[in-house]
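Accompanying notes for the structure given below.
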Amino acid sequence: MRHRTLLTALALLLAACGSEGTDATADTTAIPTPGLPATYTGPDGVTTTVESAARIVSLSGDYTEIVFALGLGPNVVGVDLSSVHPLEEVRPIPKVGVEFRLFTEPILDLEPTVVLGDIDASPSTVIDQLRSAGVPVVIFDRAAGITAPPRKIREVARVLGVPERGDALAARVEAEIADAAARTADVEDRPRVALVYVAGRGDTILLLGEGSVAEGVFEAIGAEDVAPEAGADGFVPLTAEALVAGDPEVIITAERGIADLGGMDEFLALPGVAQTTAGRNGAVLVYEDLYLLGLGPRTGDLLDEVIDDLHPELGG
């Protein structure tokens with residue numbers, strides 16, 4: 001299972017481009033993007049030239065969030081179901097499926113001038129059909145860890161023709177991440193923490209460690225990662241025995257999984273959870289899914305919030 005699956009599994013499933021100045025599909029309210037055209041070669045080996053960012057379709061919530069943070073929200077005409085931030089702005093935008101289950105026609109109906117996704121966008125036939133119809137589809141590589149947000153921001157900004165905005169936003173996010181991590185540099189009492197992801201009604205339970213979205217997070221928040229002792233690397237299916245072996249003092253998880261299970265009591269009743277120090281003490285920290293797993297512009301804010309929750313002695 002891959003990083004993007006973590007984001008897109010949170011949502012319910014839904015059963016030719018000219019220049020910016022002359023494109024017939026361009027919305028008159030669209031924000032100009034003077035750095036176009038731009039060319040990008042993705043991990044799929046396809047080189048895409050973006051001529052216009054007047055009508056953007058985003059296939060994942062993290063890219064949607066980045067586009068809005070770059071000030072290009074008015075240009076977004078379609079998003080996937082994991083796009084939940086900024087909530088009020090994205091709520092009325094047409095949905096095109098969820099990244100691992102996309103549909104061609106709803107995307108084409110929006111007359112996009114560019115589609116943004118990554119290598120987890122599927123089925124691949126949808127990407128092929130969009131490209132065959134003349135739609136520029138930019139496929140980014142998969143990102144992991146707290147060093148990923150600035151890179152993602154810069155890549156998105158460049159292909160959308162606003163590299164200066166991207167540099168400024170990325171520099172701000174880098175500084176916020178560094179400032180958050182600096183707060184725990186001298187922390188000696190580092191609690192044992194497990195980052196657990198639950199999908200569905202507990203059918204999928206993963207333990208996230210280095211090599212996943214959690215890479216670098218434990219060091220930054222002043223915590224000890226229990227994944228190595230639990231025999232986990234990256235993100236792996238979590239057994240009750242592994243979680244007990246890791247014996248976290250605190251469990252961090254996403255709110256959608258708690259909701260799907262039916263509440264905190266049901267989470268604490270999961271096999272293995274109740275037998276841990278965290279389970280016995282009810283020490284579970286819950287955060288909104290995209291905020292926790294998205295590796296977007298709010299990553300520094302997330303680290304600060306987790307640090308406040310783990311280390312109240314540091315002050316806010």
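Extension gain for R151-Y287 works out to 46.6 nm (0.36 nm per residue, less the C-alpha to C-alpha distance). Spin-label model, T47 to E224: label points 7 Å out along the Cα-to-beta-carbon direction sit 5.2 nm apart.
Projecting the Cα positions of A175, L206, V244 onto the charge dipole of segment 166-258 (unit charges on Cβ atoms of Lys, Arg, Asp and Glu, taken about the Cα centre) puts L206 furthest along the positive direction.
Taking amide H positions as modeled 1.01 Å from N, with prolines and chain starts lacking one, the residues under 5 Å from R101 and 5 or more places away or on another chain are S122.
Where the accessible area of segment 129-257 is counted over protein heavy atoms with a 1.4 Å probe, how much of it, in %, is carbon and sulfur? C and S fraction of accessible area: 49 percent. One chain, two ends: D308 and T239. Fully extended at 0.36 nm per residue, the span grows by 21.9 nm beyond their Cα-Cα distance.
Summary of the geometry: segment 55-132 and segment 253-299, compared by the centres of their Cα atoms, lie 28 Å apart. Placing R201, R158 in order of accessible area, with the largest value first and a 1.4 Å probe, yields R201, R158.
You can think of it this way: the chain between E88 and T277 has 64.2 nm of extra reach, that is 0.36 nm per residue less the Cα-Cα gap.
The H on the amide N of R192, modeled in the peptide plane, is under 5 Å from the matching H of E224, E249, V250, each at least 5 residues off or on a different chain. Taking every alpha-carbon pair under 8 Å whose residues sit at least 6 apart, segment 194-316 reaches a relative contact order of 25 percent.
The values are calculated or read from the model by the stated rules, or taken from the named source; none is laboratory data. In this text the structure is predicted, and so the values were computed from the model without any measurement. Backbone-built Cβ (ideal geometry, glycine too); neighbour counts: all protein chains shown. Each accessible area value is taken on the protein alone, full model and side chains, heavy atoms only, with ligands, DNA and RNA left out. Shrake-Rupley method; radii C 1.70, N 1.55, O 1.52, S 1.80 Å.
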